[in-house]
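Everything on this sheet refers to the single structure shown next.
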Amino acid sequence: MHSPLNFWDQRFAEPGFKYGTEPNAFLREQAVRLPPAGRVLVPGDGEGRNGVWLAAQGHQVTSVDSSAVGLQKARDLASQHGVALETVVADLAVWEPAPASVDGVVLIYTHLPGSIRQRVHRKLALTLKPGACLILEAFHPAQLQYASGGPKDLDMLYTQELLGADFGGLLQSVMAWDGEVTLSEGPGHQGLAHVTRWVGVRLE
């Protein structure tokens, strides 16, 4: 059995971009919540489509991923777009970012196993400055019935209620929704999907 690190290195070593080079549609819509030229943390950024887009909007972006192969592609993509992108190869389970250091956290399909999920989510919430926001899109448990992507493991799929509990006392939910969307994000996410969207603001 391959470790998660090897799994993603192998996946990202394939030609092209697994999830395309365009940003996630929900992120594009919600990015207005981020302050101009903000410091934005993008854990699980993979090949960099979301981090590079945020950098192109003028943000100071740190993309974190367990895959060095994915982050090399992210740096190449940033270079193509003429933007700066800081990258950190790290396992989110053990990585320790500085508290109250960023103006936004973006979690797009960063699916974590239940054994570490809440601990990592709370750690990431604590990196936000007061009033800063976390923007998240992930697959809902109902996605198991769809063929458009995502982990086939109920333990790694998210509901609004689960996220509200994970971030409770740290973030105030300002949006929580789940339902069907049509994804067109490279070969990895194509077609009708059931997703959970959640936005929270760091309490003062």
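Rule-based calculations on the coordinates, nothing more; no lab input. Small disclaimer: the values here were computed from a predicted structure and weren't measured. Backbone-built Cβ (ideal geometry, glycine too); neighbour counts: all protein chains shown.
The dipole here belongs to the chain: it is taken about the Cα centre, uses +1 on the Cβ of Lys and Arg and -1 on the Cβ of Asp and Glu, and is about 300 debye.
Around His194, with a cut-off of 14 angstrom between Cβ atoms, what is the net charge of the other residues, counting Lys and Arg +1 and Asp and Glu -1? Overall, the nearby charge balance is -1. By the rule of a C-alpha distance below 19 Å, with chain neighbours fewer than 8 residues away ignored, the aspartates and glutamates paired with Lys73 are Asp9, Glu14, Glu22, Asp45, Glu47, Asp65, Glu86, Asp91, Glu185. Extension gain, Asp76 to Ser184, is 36.7 nm, computed as 0.36 nm per intervening residue step minus the present C-alpha separation. Phi angles of the range 163-170 translate, via the Karplus equation with coefficients 6.51, -1.76, 1.60 and θ = phi - 60°, into HN-Hα couplings of 5, x, 6, 4, 9, x, x, 10 Hz per residue; Gly and Pro are given as x. Taking Leu71, Leu144, Leu162 as the candidate residues, the one with maximal mean-square fluctuation in a Gaussian network model of the chain, Cα springs under 10 Å, is Leu162.
Taking θ as phi - 60° and the Karplus parameters 6.51, -1.76 and 1.60, the scalar couplings of the range 177-186 work out to 8, 9, x, 7, 9, 9, 9, 9, 10, x Hz in sequence order, x denoting glycine and proline. Summing Lys, Arg as +1 and Asp, Glu as -1, what charge do residues with Cβ under 13 Å from the Cβ of Glu96 carry, Glu96 excluded? Once all neighbours under 13 Å are counted, the net charge is +2. When semi-axes √(5λ) of the Cα gyration tensor in Å is calculated for this entry, the matching label among (i) 34, 19, 16; (ii) 28, 20, 14; (iii) 22, 21, 17 is (iii). When only alpha carbons are used to place a centre, the range 85-105 and the range 3-38 end up 15 Å from one another. Quick one: net charge of Leu170's neighbours, Cβ under 14 Å, K/R +1, D/E -1? Its environment carries a net charge of +3. Our estimate of slack between Ser101 and Lys152, defined as 0.36 nm per intervening residue step minus the Cα-Cα distance, is 15.0 nm.
For trypsin sites (Lys or Arg not before Pro), the sites in the range 128-204 that DSSP calls loop and that have at most 16 other Cβ atoms within 10 Å are Lys152. Under a model in which nothing but the beta-carbon of Lys, Arg (+1) and Asp, Glu (-1) is charged, the range 115-173 shows a dipole of about 280 debye around its Cα centre. Among Gly16, Gly164, Gly46, the residue with the largest mean-square fluctuation in a Gaussian network model of the chain, with springs joining Cα atoms closer than 10 Å, is Gly16. Positive end of the dipole of the chain (Cβ unit charges, origin at the Cα centre): among Ala31, Ala132, Gly168, the Cα lying farthest that way belongs to Ala132.
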